[in-house]
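A short worksheet on the structure shown next.
The values are calculated or read from the model by the stated rules, or taken from the named source; none is laboratory data. The model shown is predicted, which means the values in this text are computed figures rather than measured ones. A quick note on method: Cβ atoms are made from the backbone with ideal geometry, for glycine too, and the neighbour counts reach across all protein chains shown. Please note that ligands, DNA and RNA were not included when accessible areas were found on the heavy atoms of the full protein model with its side chains. Shrake-Rupley method; radii C 1.70, N 1.55, O 1.52, S 1.80 Å.
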Amino acid sequence: MILGLSLGHRTVREAEHWLAAYVVSLGLPDLVACTHLVAAPYPHVALSVAVPAATERLAELPATPPELRDAADRAAAAHEARRSGRAVRYPGVDRLVGTLTVGEVLAASTIERIVVLGGATAGSDTPLDTRNFVRPEWRDGELVLMTMPHHTGGLAPFEVPDPTPCCADH
C-alpha cells in the first residue's frame, strides 16, 4: 500500500523532520518513506509512504488538504511506479552508519544499485563513508544511491547531511 501526502512542507529538511515525528514513530515494518519535490500548486515537498500491507495505523496521519491532493497523488504514483522519490526511511537504513563496503550496503539495505558520479565503477569491496546520511532515489524501477569520490579514497553519498544553502554568506 502506498499513501501520498502533501502537507505544504517548504523544505526537504522540514518534510524529513515531519516523517520522523509522525510516520516513523508509527513503528510500521518494512516502511519506505520518500520525499518528492513538486511545483504545483506552489513549490513544496510531497511525501509517499509505502508499507507491505494495508494498515489502520496510516489512518492516524493527517489528511492532505484538497488543494494539495493532486501533488500527493503524483507522489504516490511516482513511488508506486518506482520512477522517482528520495527515500528517507527504508529497510536497512538504520544499519548504514560509519564506513561500510559497497557490498555491505547492498546486503544490509534495500538499496539495489550504487552509482558513482562521473561513471566510475564501484566494486563490492570499495569503502563507502555513509556519513550516517544515506538517501537513495527511485530510478528506473530500482532504489539507487548516487555517490561521489571521497577524500579518503573510497566513496560517499552525493547528498550531504548539512548542505550550505544557496547564496549563503561564505
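Note on Ala120/Thr11: beta-carbon distance plugged into 1/(1 + (r/R0)^6) with R0 of 30 Å gives a FRET efficiency of 0.45. In the chain, the portion of solvent-accessible area held by carbon and sulfur atoms comes to 55 percent [1.4 Å probe, whole percent, DNA, RNA and ligands not counted]. Note that the chain presents 53 Å² accessible area per residue, ligands and nucleic acids not counted, probe 1.4 Å.
By a 1.4 Å probe calculation restricted to protein chains, Val97 has an accessible surface near 80 Å², given to the nearest 10. Legend: residues Val49, Val38, sorted from most to least accessible area (1.4 Å probe; ligands, DNA and RNA excluded), read Val38, Val49.
Ordering Val51, Gly92, Ile114 by Cα displacement along the dipole of segment 49-148 toward the positive end leaves Ile114 in first place; charges were set at the Cβ atoms of Lys, Arg (+1) and Asp, Glu (-1). Relative to the dominant Cα principal axis of the chain, helix 69-81 is inclined by about 40°. Here the spin labels are modelled as points 7 Å beyond Cα on the Cα-Cβ line, and at Ser25 and Ala40 they lie 3.4 nm apart. For the chain, leaving out every one of the trypsin sites (Lys or Arg not before Pro) that falls in a DSSP loop and has at most 13 other Cβ atoms within 10 Å, the longest unbroken run is 84-170. Rounded, prolate or oblate: which fits segment 71-160, taking a ≥ b ≥ c as square roots of the Cα gyration tensor eigenvalues, rounded meaning a/c under 1.5, else prolate when a/b beats b/c? In terms of gyration-tensor shape, prolate. Using Cβ point charges alone (K and R +1, D and E -1), the dipole size of segment 59-170 about the Cα centre works out to roughly 140 debye.
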